[in-house]
1. Out of the residues in the stretch 102-129 meeting the condition of being free of Cβ contacts under 8 Å to residues at least 24 places away in the same chain and of a type outside the set (K, R), tell me which one is farthest from Q59 (Cα to Cα).
2. Out of all the residues in the stretch 162-182, which are farther than 22 Å from Q56 by Cβ and touching a residue at least 24 places away in the same chain (Cβ under 8 Å)?
3. Inspect the stretch 98-115 for any residue being of a type in the set (A, V, I, L, M), in contact with a strand residue (DSSP E or B) (Cβ under 9 Å, 6 or more places away or on another chain) and farther than 22 Å from A47 by Cβ and give the result as yes or no.
4. Restricted to the stretch 44-70, and to residues that are hydroxyl-bearing (S, T, Y) and in a loop (DSSP other than H, G, I, E, B), which residue is surrounded by the most Cβ atoms within 10 Å (Cβ to Cβ)?
5. Just one of the numbered conditions (1) surrounded by 15 or more Cβ atoms within 10 Å (Cβ to Cβ); (2) of a type in the set (A, V, I, L, M, F, W, C); (3) not in a strand (DSSP E or B) is not true of I158; which one?
6. Kindly indicate whether S81 is part of a helix (DSSP H, G or I) and either touching a Phe, Trp or Tyr at 6+ places or on another chain (Cβ under 6 Å) or among the hydroxyl-bearing types (S, T, Y) (or both).
7. Please work out which residue is surrounded by the most Cβ atoms within 10 Å (Cβ to Cβ), limiting yourself to the stretch 137-155 and to residues that are within 18 Å of I106 (Cβ to Cβ) and out of contact with any Leu (no Cβ under 7 Å at 6 or more places or on another chain).
8. If you go through the stretch 84-95 one residue at a time, how many are part of a loop (DSSP other than H, G, I, E, B) and touching a residue at least 12 places away in the same chain (Cβ under 8 Å)?
Amino acid sequence: MRTMRGIFFSRVRICALILLAVGWGLLNPSAQAKAAKILDLNDSVAANRILTKFAQIVQGSDMGTFLSSRGPFTLFAPTNSAFSKLPPGTLEALLRPENKEVLQRILLLHVVNGKRLTAKDLLPLKTVLSCEGHPLPVHASKSGTQYVMKAKILHADIRCENGLIHEIDTVLLPPDVKFPLPEVAPAPAPAPEATTNAAPDTNAPPSPPTAPADTNAAPVPAPETPAASTNSPPQ
(Lines give C-alpha, C1' and ligand atoms only; values in the text may rest on other atoms or scores of the structure.)
Protein backbone atom coordinates (compact mmCIF):
# COMPACT_ATOMS: atom_id res chain seq x y z
CA MET A 1 0.00 0.00 0.00
CA ARG A 2 2.74 2.39 0.92
CA THR A 3 4.52 1.71 -2.37
CA MET A 4 1.38 2.35 -4.43
CA ARG A 5 0.65 5.48 -2.46
CA GLY A 6 4.18 6.79 -3.06
CA ILE A 7 3.90 6.17 -6.78
CA PHE A 8 0.58 7.99 -6.87
CA PHE A 9 1.90 11.10 -5.11
CA SER A 10 5.01 11.10 -7.28
CA ARG A 11 2.86 11.25 -10.38
CA VAL A 12 0.79 14.04 -8.90
CA ARG A 13 3.93 16.05 -8.22
CA ILE A 14 5.15 15.52 -11.79
CA CYS A 15 1.82 16.66 -13.23
CA ALA A 16 1.85 19.72 -11.01
CA LEU A 17 5.35 20.65 -12.16
CA ILE A 18 4.35 20.25 -15.80
CA LEU A 19 1.30 22.48 -15.35
CA LEU A 20 3.43 25.07 -13.53
CA ALA A 21 5.98 25.12 -16.34
CA VAL A 22 3.27 25.51 -18.99
CA GLY A 23 1.60 28.31 -17.05
CA TRP A 24 4.91 30.11 -16.59
CA GLY A 25 5.59 29.90 -20.33
CA LEU A 26 2.21 31.43 -21.15
CA LEU A 27 2.60 34.26 -18.66
CA ASN A 28 6.23 35.04 -19.31
CA PRO A 29 6.55 38.01 -21.77
CA SER A 30 9.87 36.72 -23.09
CA ALA A 31 8.20 33.46 -24.08
CA GLN A 32 5.50 35.37 -25.92
CA ALA A 33 8.12 37.41 -27.73
CA LYS A 34 9.61 34.22 -29.14
CA ALA A 35 6.33 33.39 -30.86
CA ALA A 36 6.29 33.70 -34.65
CA LYS A 37 5.68 37.28 -35.73
CA ILE A 38 2.72 37.92 -38.03
CA LEU A 39 3.97 39.39 -41.32
CA ASP A 40 2.46 42.35 -43.14
CA LEU A 41 0.99 42.00 -46.64
CA ASN A 42 4.21 42.84 -48.46
CA ASP A 43 6.34 40.38 -46.48
CA SER A 44 3.65 37.69 -46.65
CA VAL A 45 3.56 37.90 -50.45
CA ALA A 46 7.37 37.81 -50.64
CA ALA A 47 7.51 34.74 -48.39
CA ASN A 48 4.80 32.78 -50.22
CA ARG A 49 6.25 30.31 -52.75
CA ILE A 50 3.15 30.31 -54.95
CA LEU A 51 2.99 34.12 -55.15
CA THR A 52 6.50 34.77 -56.53
CA LYS A 53 5.23 36.28 -59.80
CA PHE A 54 2.85 38.59 -57.95
CA ALA A 55 5.81 39.54 -55.75
CA GLN A 56 7.57 40.69 -58.95
CA ILE A 57 4.54 42.90 -59.67
CA VAL A 58 4.80 44.42 -56.18
CA GLN A 59 8.52 45.03 -56.54
CA GLY A 60 8.36 46.33 -60.11
CA SER A 61 5.59 48.80 -59.27
CA ASP A 62 7.39 50.13 -56.16
CA MET A 63 4.25 49.46 -54.12
CA GLY A 64 5.89 47.40 -51.37
CA THR A 65 5.86 50.34 -48.96
CA PHE A 66 2.15 50.83 -49.60
CA LEU A 67 1.40 47.18 -48.79
CA SER A 68 3.47 47.51 -45.61
CA SER A 69 1.56 50.56 -44.40
CA ARG A 70 -1.00 50.53 -41.62
CA GLY A 71 -4.09 49.60 -43.64
CA PRO A 72 -6.09 47.57 -43.02
CA PHE A 73 -6.30 46.07 -46.53
CA THR A 74 -7.89 43.14 -48.28
CA LEU A 75 -5.57 41.78 -50.98
CA PHE A 76 -6.66 39.46 -53.79
CA ALA A 77 -3.33 37.88 -54.77
CA PRO A 78 -3.10 35.87 -58.03
CA THR A 79 -1.04 32.71 -57.79
CA ASN A 80 1.81 31.83 -60.15
CA SER A 81 -0.51 29.64 -62.23
CA ALA A 82 -2.84 32.64 -62.72
CA PHE A 83 -0.13 34.42 -64.73
CA SER A 84 0.07 31.49 -67.15
CA LYS A 85 -3.40 32.51 -68.41
CA LEU A 86 -1.99 35.79 -69.75
CA PRO A 87 -0.53 36.02 -73.29
CA PRO A 88 3.13 34.91 -73.49
CA GLY A 89 5.56 37.66 -72.54
CA THR A 90 2.95 39.75 -70.73
CA LEU A 91 4.68 39.71 -67.35
CA GLU A 92 8.01 40.63 -68.91
CA ALA A 93 6.35 43.50 -70.81
CA LEU A 94 4.66 44.79 -67.66
CA LEU A 95 7.97 44.83 -65.78
CA ARG A 96 9.54 47.23 -68.30
CA PRO A 97 10.16 50.72 -66.83
CA GLU A 98 7.93 52.41 -69.44
CA ASN A 99 4.93 50.30 -68.26
CA LYS A 100 5.30 51.09 -64.56
CA GLU A 101 2.11 53.17 -64.44
CA VAL A 102 0.08 50.30 -65.91
CA LEU A 103 1.72 47.93 -63.44
CA GLN A 104 0.70 50.13 -60.51
CA ARG A 105 -2.90 50.27 -61.72
CA ILE A 106 -3.04 46.48 -62.00
CA LEU A 107 -1.70 46.03 -58.48
CA LEU A 108 -4.07 48.59 -56.96
CA LEU A 109 -6.99 46.80 -58.63
CA HIS A 110 -6.22 43.82 -56.37
CA VAL A 111 -6.41 45.88 -53.15
CA VAL A 112 -9.39 47.03 -51.08
CA ASN A 113 -8.53 49.73 -48.55
CA GLY A 114 -9.85 50.20 -45.03
CA LYS A 115 -11.31 46.74 -44.43
CA ARG A 116 -10.34 43.19 -43.50
CA LEU A 117 -12.92 41.41 -45.62
CA THR A 118 -13.10 37.74 -44.72
CA ALA A 119 -14.71 35.19 -47.01
CA LYS A 120 -17.77 35.35 -44.76
CA ASP A 121 -17.86 39.17 -45.07
CA LEU A 122 -17.85 38.89 -48.87
CA LEU A 123 -20.90 36.61 -49.07
CA PRO A 124 -23.64 39.28 -48.80
CA LEU A 125 -21.77 41.84 -50.93
CA LYS A 126 -22.26 42.53 -54.63
CA THR A 127 -19.19 44.72 -55.20
CA VAL A 128 -16.17 46.06 -53.35
CA LEU A 129 -14.26 49.20 -54.35
CA SER A 130 -10.63 48.69 -55.34
CA CYS A 131 -7.83 51.17 -54.64
CA GLU A 132 -7.49 51.58 -58.40
CA GLY A 133 -10.99 53.10 -58.48
CA HIS A 134 -12.93 50.38 -60.30
CA PRO A 135 -15.56 48.34 -58.40
CA LEU A 136 -14.91 44.60 -58.17
CA PRO A 137 -18.00 42.37 -58.53
CA VAL A 138 -18.07 39.54 -55.99
CA HIS A 139 -20.42 36.55 -55.89
CA ALA A 140 -20.65 32.94 -54.79
CA SER A 141 -21.79 29.94 -56.80
CA LYS A 142 -24.44 27.49 -55.61
CA SER A 143 -21.68 25.16 -54.51
CA GLY A 144 -20.21 27.89 -52.32
CA THR A 145 -17.21 28.80 -54.50
CA GLN A 146 -16.51 32.51 -54.23
CA TYR A 147 -15.41 34.76 -57.10
CA VAL A 148 -14.06 38.29 -57.48
CA MET A 149 -14.69 39.44 -61.06
CA LYS A 150 -13.93 36.18 -62.95
CA ALA A 151 -11.26 35.01 -60.52
CA LYS A 152 -11.96 32.08 -58.22
CA ILE A 153 -10.88 32.43 -54.60
CA LEU A 154 -8.64 29.42 -53.97
CA HIS A 155 -7.46 30.08 -50.41
CA ALA A 156 -9.19 32.65 -48.24
CA ASP A 157 -8.50 34.49 -45.01
CA ILE A 158 -4.70 34.40 -44.86
CA ARG A 159 -4.12 36.59 -41.83
CA CYS A 160 -1.52 39.38 -41.98
CA GLU A 161 -0.52 42.15 -39.61
CA ASN A 162 -2.26 44.83 -41.67
CA GLY A 163 -4.96 42.89 -43.49
CA LEU A 164 -6.05 39.67 -45.16
CA ILE A 165 -4.97 37.85 -48.31
CA HIS A 166 -7.25 35.82 -50.59
CA GLU A 167 -5.37 33.78 -53.19
CA ILE A 168 -7.10 33.81 -56.59
CA ASP A 169 -6.63 31.89 -59.85
CA THR A 170 -6.79 34.81 -62.33
CA VAL A 171 -5.01 38.15 -62.66
CA LEU A 172 -7.43 41.08 -62.39
CA LEU A 173 -7.08 43.71 -65.12
CA PRO A 174 -8.56 47.21 -65.52
CA PRO A 175 -11.16 47.28 -68.33
CA ASP A 176 -9.08 49.62 -70.51
CA VAL A 177 -5.84 47.61 -70.32
CA LYS A 178 -5.41 45.43 -73.38
CA PHE A 179 -2.67 43.02 -74.38
CA PRO A 180 -0.25 43.05 -76.00
CA LEU A 181 0.77 46.40 -74.59
CA PRO A 182 1.57 49.11 -77.19
CA GLU A 183 5.23 49.57 -77.93
CA VAL A 184 6.73 52.81 -76.66
CA ALA A 185 9.10 54.47 -79.13
CA PRO A 186 12.50 55.27 -77.61
CA ALA A 187 13.31 58.93 -77.03
CA PRO A 188 15.53 60.48 -79.75
CA ALA A 189 19.17 60.90 -78.86
CA PRO A 190 20.18 64.51 -78.06
CA ALA A 191 22.04 66.40 -80.81
CA PRO A 192 25.76 66.93 -80.14
CA GLU A 193 26.70 70.39 -78.92
CA ALA A 194 28.60 72.68 -81.34
CA THR A 195 32.20 73.34 -80.31
CA THR A 196 33.80 76.76 -80.72
CA ASN A 197 37.39 75.52 -80.80
CA ALA A 198 37.38 73.07 -83.65
CA ALA A 199 40.36 70.76 -83.95
CA PRO A 200 42.49 71.24 -87.09
CA ASP A 201 41.79 68.90 -89.96
CA THR A 202 44.87 66.72 -90.23
CA ASN A 203 43.63 65.27 -93.51
CA ALA A 204 43.59 68.66 -95.37
CA PRO A 205 46.31 69.11 -98.07
CA PRO A 206 49.24 71.31 -96.97
CA SER A 207 49.42 74.91 -98.20
CA PRO A 208 52.20 75.68 -100.75
CA PRO A 209 55.34 77.18 -99.11
CA THR A 210 55.99 80.92 -99.43
CA ALA A 211 59.30 81.82 -101.21
CA PRO A 212 61.72 83.74 -98.95
CA ALA A 213 62.72 87.29 -99.90
CA ASP A 214 66.11 87.60 -101.89
CA THR A 215 68.32 89.82 -99.73
CA ASN A 216 71.16 89.85 -102.35
CA ALA A 217 69.10 91.21 -105.23
CA ALA A 218 70.26 94.53 -106.79
CA PRO A 219 68.15 97.55 -105.96
CA VAL A 220 65.80 98.74 -108.62
CA PRO A 221 66.88 102.23 -109.83
CA ALA A 222 64.43 105.05 -109.47
CA PRO A 223 63.15 106.55 -112.75
CA GLU A 224 65.19 109.62 -113.94
CA THR A 225 63.60 113.06 -114.18
CA PRO A 226 64.37 114.74 -117.55
CA ALA A 227 66.58 117.86 -117.26
CA ALA A 228 65.42 121.22 -118.52
CA SER A 229 66.59 121.96 -122.12
CA THR A 230 68.91 125.03 -122.55
CA ASN A 231 68.07 125.28 -126.28
CA SER A 232 64.46 125.90 -125.77
CA PRO A 233 63.24 129.18 -127.40
CA PRO A 234 62.82 132.16 -125.15
CA GLN A 235 59.36 132.90 -124.22
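The values are calculated or read from the model by the stated rules, or taken from the named source; none is laboratory data. Remember, predicted model here, so these are calculated numbers, not experimental data. Cβ sites come from the backbone with ideal geometry, for glycine too, and all protein chains shown count toward neighbours.
1. Keep residues of the stretch 102-129 that are free of Cβ contacts under 8 Å to residues at least 24 places away in the same chain, which gives 120-121, 123-127, 129.
With the extra rule that they be of a type outside the set (K, R), the set shrinks to 121, 123-125, 127, 129.
Values: D121: 29, L123: 31, P124: 34, L125: 31, T127: 28, L129: 23 Å.
Looking at residues that are free of Cβ contacts under 8 Å to residues at least 24 places away in the same chain and of a type outside the set (K, R), I get P124.
2. Here is the first cut: in the stretch 162-182, the residues farther than 22 Å from Q56 by Cβ are 175-176.
If the condition is that a residue be farther than 22 Å from Q56 by Cβ and touching a residue at least 24 places away in the same chain (Cβ under 8 Å), then P175 is the only one that fits.
3. The initial filter retains those residues of the stretch 98-115 that are of a type in the set (A, V, I, L, M), namely 102-103, 106-109, 111-112.
Retained after the next criterion (residues that are in contact with a strand residue (DSSP E or B) (Cβ under 9 Å, 6 or more places away or on another chain)): 109, 111-112.
Narrowing further to those that are farther than 22 Å from A47 by Cβ: 109.
Yes, that holds for at least one residue.
4. Narrowing the stretch 44-70 to residues hydroxyl-bearing (S, T, Y): 44, 52, 61, 65, 68-69.
Next, from what is left, pick out any that are in a loop (DSSP other than H, G, I, E, B): 61, 68-69.
Details: S61: 21, S68: 15, S69: 14.
My answer is S61.
5. All conditions are met except number (3).
6. Working: part of a helix (DSSP H, G or I): yes; either touching a Phe, Trp or Tyr at 6+ places or on another chain (Cβ under 6 Å) or among the hydroxyl-bearing types (S, T, Y) (or both): yes.
Against the criterion (part of a helix (DSSP H, G or I) and either touching a Phe, Trp or Tyr at 6+ places or on another chain (Cβ under 6 Å) or among the hydroxyl-bearing types (S, T, Y) (or both)), S81 qualifies.
7. Restricting attention to the stretch 137-155, the residues satisfying the condition of being within 18 Å of I106 (Cβ to Cβ) are 137, 148-151.
Adding the requirement that they be out of contact with any Leu (no Cβ under 7 Å at 6 or more places or on another chain) leaves 137, 150.
Numbers: P137: 12, K150: 10.
My answer is P137.
8. Quick first cut of the stretch 84-95, residues part of a loop (DSSP other than H, G, I, E, B) only: 84-89, 95.
Now restrict to residues that are touching a residue at least 12 places away in the same chain (Cβ under 8 Å): 85-87, 89, 95.
Of the residues in that region, 5 qualify.
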